[in-house]
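Report on the following structure.
The values are calculated or read from the model by the stated rules, or taken from the named source; none is laboratory data. No experiment lies behind these values; they were computed from the predicted model shown. All Cβ positions, even for glycine, are placed from backbone atoms using ideal geometry, and neighbour counts span all protein chains on display.
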Amino acid sequence: MFNRMRHYTYYFLALVGLLCLAACGGKRQKAERIISVTIEPQRYFAERIAGEHFAIHCVVPAGQSPETYDPTPQQMVQIGESEAYLRIGSIGFELAWMEAIKQNNPHLQIFDLSEGMPLLKGEEEEAEEGHEHEHAHAHDHAPEAATEAEHHHHHHGGVDPHIWSSIHGARIVAQNTLAALQALDPANADTYTANYQQVVALIDSTEAVINTLLKPLAHRSFIIYHPALTYMAAEYELEQLCIEMDGKEPSPAQLKSLVETAQAHHTKVVFVQQEFDQKNAELIAKETGCQLTPINPLAYDWSREMIRIAKALADGEVD
């Protein structure tokens, strides 16, 4: 029933989009080659590697959550005009819409940019295994295979999808983007390789800055509303304490426990994201004396945002 409703919704959105485009009266000139991606950090890497050969269409707009976003009719039409879709792996939007997108666009080539990345367990699965909080230590997690799911809201099929929020994840995304572009356009394979090497240099320089900022940290925990930094935490032996649990607001008892844990770990920073309510984060920051810091893991400029996050963690060490 759920999938059938999704398919009807897809057809409706696509039809409305086509009517909107027809009403505009404009005929496209020569169709450009389009690739669709889910989130802005993917566009960051894809544009740098593709150069002028492909236009990169990002489906989830800045400021919207890719966990719960539904595409507009125009976006559905543009996805249909794409040669390929580069999915990030198992984020909410993809779990809800990818099957309908594939079925209604049989020409569309789908590439999974998480392929080859050891995936960490999602928060819901961590809770089921009896963890007191959502930790992000690499030795606590085993690779899991992403699965399609009917549930839309914050359900990741047992894995955390935020692979781009780490150095290793960025390398995997870049490698898979290169492979996709070379498969789509073998004639320009050498150009994509040269562009990819520049991206690798950018990732390396970003890693060097982050290493310098995070190496001296004495207190290695932080609080965040939505667990978007699981892979970064695993990479740098940080402890991620999450306010949200599987998309749900915490109970008063859970908030009290989180405050006590933060105090015991001498946590210095509470991260807030624009896609989510800040009320509980503000409360926890007040109770713990932590620095309340806005971040945007979905920002287009991946390198700049990763360094900003690391700097915020480093600045939190200053008493």
For region 267-319, what are the residues that are within 11 Å of Ile223 (Cβ to Cβ) and of a type in the set (D, E, K, R)?
-> Lys268, Glu287
Residue, surrounded by the most Cβ atoms within 10 Å (Cβ to Cβ), within region 58-90, restricted to residues that are touching a Leu at 6+ places or on another chain (Cβ under 7 Å) and not in a loop (DSSP other than H, G, I, E, B) | Met76
Of the residues Asn280, Asn195, Asn296, which single one is under 28 Å from Leu178 (Cβ atoms) and either free of Cβ contacts under 8 Å to residues at least 12 places away in the same chain or not assigned by TED's automatic domain parsing to the domain that holds His57 (or both)?
-> Asn296
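Considering only helices (runs of 4 or more DSSP H) fully contained in region 180-291, which possess at least 1 residues that are under 29 Å from Phe111 (Cβ atoms) and under 21 Å from the mean Cα position of the chain (by Cα)? Break it down into steps so the answer makes sense when it comes.
Working: elements: 189-214, 230-235, 252-264, 279-288.
Output list reads 189-214, 230-235.
For Thr230, are the conditions met, namely being within 26 Å of Phe45 (Cβ to Cβ), touching a helix residue (DSSP H, G or I) at 6+ places or on another chain (Cβ under 6 Å) and not aliphatic (A, V, I, L, M)?
Working: within 26 Å of Phe45 (Cβ to Cβ): yes; touching a helix residue (DSSP H, G or I) at 6+ places or on another chain (Cβ under 6 Å): no; not aliphatic (A, V, I, L, M): yes.
Judged against the criteria, Thr230 is not a match.
Can you give me the number of residues within region 299-319 that are in a loop (DSSP other than H, G, I, E, B), acidic (Asp, Glu) and in contact (Cβ under 8 Å) with a residue 12 or more places away in the chain?
Going through region 299-319, the residues in a loop (DSSP other than H, G, I, E, B) turn out to be 299-301, 316-319.
Subset that is acidic (Asp, Glu): 301, 317, 319.
Narrowing further to those that are in contact (Cβ under 8 Å) with a residue 12 or more places away in the chain: 301, 317.
Residues meeting the conditions: 2.
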Scan Lys286, Lys248, Lys256, Lys268 and give me the residue that is outside the structural domain of Glu40 (by TED's automatic domain parsing) and crowded, with 19+ Cβ neighbours inside 10 Å.
-> Lys268
Residues in region 76-116 that are in contact with a helix residue (DSSP H, G or I) (Cβ under 8 Å, 6 or more places away or on another chain) and of a type outside the set (S, T, N, Q): how many?
-> 22
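When you go through His131, His154 one by one, which is the residue that is within 15 Å of the chain's Cα centre (by Cα) and modelled with pLDDT under 95?
When all the criteria are applied, what remains is His154.
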Check on Gln254, farther than 22 Å from Leu313 by Cβ and touching a strand residue (DSSP E or B) at 6+ places or on another chain (Cβ under 9 Å) | yes
Pairs returned, first residue in region 199-220 that is farther than 17 Å from Leu238 by Cα, second residue that is assigned to a helix (DSSP H, G or I) and of a type in the set (Gly, Ala, Ser), beta-carbon separation under 6 angstrom, 6 or more apart or interchain, are Val199/Ala174; Leu202/Ser303; Ile203/Ala170; Thr206/Ser303
